[in-house]
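Note sheet for the following structure.
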Amino acid sequence: MTTSSQPAACGAGTGADVCPDLDACHGVLRDLLPRGRAWDAARRPGTTLWRFWRAVAHLYAFINARICAASEEFFCSTASETRDGWLAEYGLPDPCDPFPDLCAKVAAVGGTRCEYYRQIAARAGWSITCDDGADACGAQAGCAQPGCAQPGDNTVGAPLRITVHIDESPAYQAPATPEPQAGCLQAGQALTCGPDVSPLICLLERVLHAHLAVTFEVVGTP
């Protein structure tokens with residue numbers, strides 16, 4: 001077992017990393033000079049040699065400051081100068097992204113199970129359940145068209161049925177109900193559009209795998 005006298009790192013830019021200031025850089029430069037009376041003046045403040053190496057130390061201090069600042073850019077929590085690059089790399093900002101916070105998206109590991117999709121939806125205020133849609137009954141009376149029915153299972157891809165429970169979804173906003181006007185409303189025409197769950201669809205499209213054949217169903221009172 002080996003031991004080290006270096007302090008343990010406690011976060012970005014701390015621990016064993018050394019960020020020398022101007023005085024430290026100046027001292028190191030002077031320590032590299034030869035010994036003897038001709039060079040002693042470099043250690044006496046105000047002399048020509050002292051001022052010369054002080055000027056060189058400014059450059060070294062600047063370089064070290066930039067190197068130490070760069071270490072902060074390796075972490076999303078401390079990045080500042082390269083934050084625009086971080087956002088572009090992770091596709092933010094995006095109003096449909098389930099991880100609008102940069103560090104939350106960096107730490108996201110994803111998932112393929114219904115529980116993961118439910119968690120993503122619930123965080124945005126939607127209540128959903130999902131299954132493979134194997135209990136679908138096909139065409140319904142009044143909706144089927146002749147010549148469209150096919151025998152056997154016509155499933156394409158990996159089916160995933162997502163059921164949206166709008167009564168349990170605080171994010172759902174019911175559409176406005178316009179008043180019928182004479183001459184505009186026709187027999188059989190609906191008074192309002194169906195429930196709009198497009199914000200949820202936009203959200204889930206960011207995490208649903210491309211091979212899935214996804215269908216959305218809405219249950220509850222519009």
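Values quoted throughout were computed directly from the atomic coordinates according to the rules given, and no laboratory measurement underlies them. What you see is a predicted model, and the numbers here were worked out from it, not measured in a lab. Every residue, glycine among them, receives a Cβ derived from its backbone with ideal geometry; neighbour counts consider all protein chains shown.
The 3J(HN,Hα) values that the Karplus relation (6.51, -1.76, 1.60; θ = phi - 60°) gives for the range 60-67 are, in residue order, 5, 5, 5, 4, 5, 5, 5, 5 Hz. Gly and Pro appear as x. Glu217 to Ala104: FRET efficiency via 1/(1 + (r/R0)^6), r the Cβ-Cβ distance, R0 30 Å, to the nearest 0.05? It comes to 0.55. Using a simple spin-label model with pseudo-atoms 7 Å out from Cα toward Cβ, Ser77 and Arg44 lie 5.1 nm apart. What the pair-distance distribution of the range 33-93 shows, using all Cα-Cα distances binned every 10 Å from zero, is 20, 27, 18, 15, 13, 6, 0 percent. Taking amide H atoms as placed 1.01 Å from N in the peptide plane, the amide H of Ser127 lies under 5 Å from those of His165, Ser169, each 5 or more residues away in sequence or on another chain.
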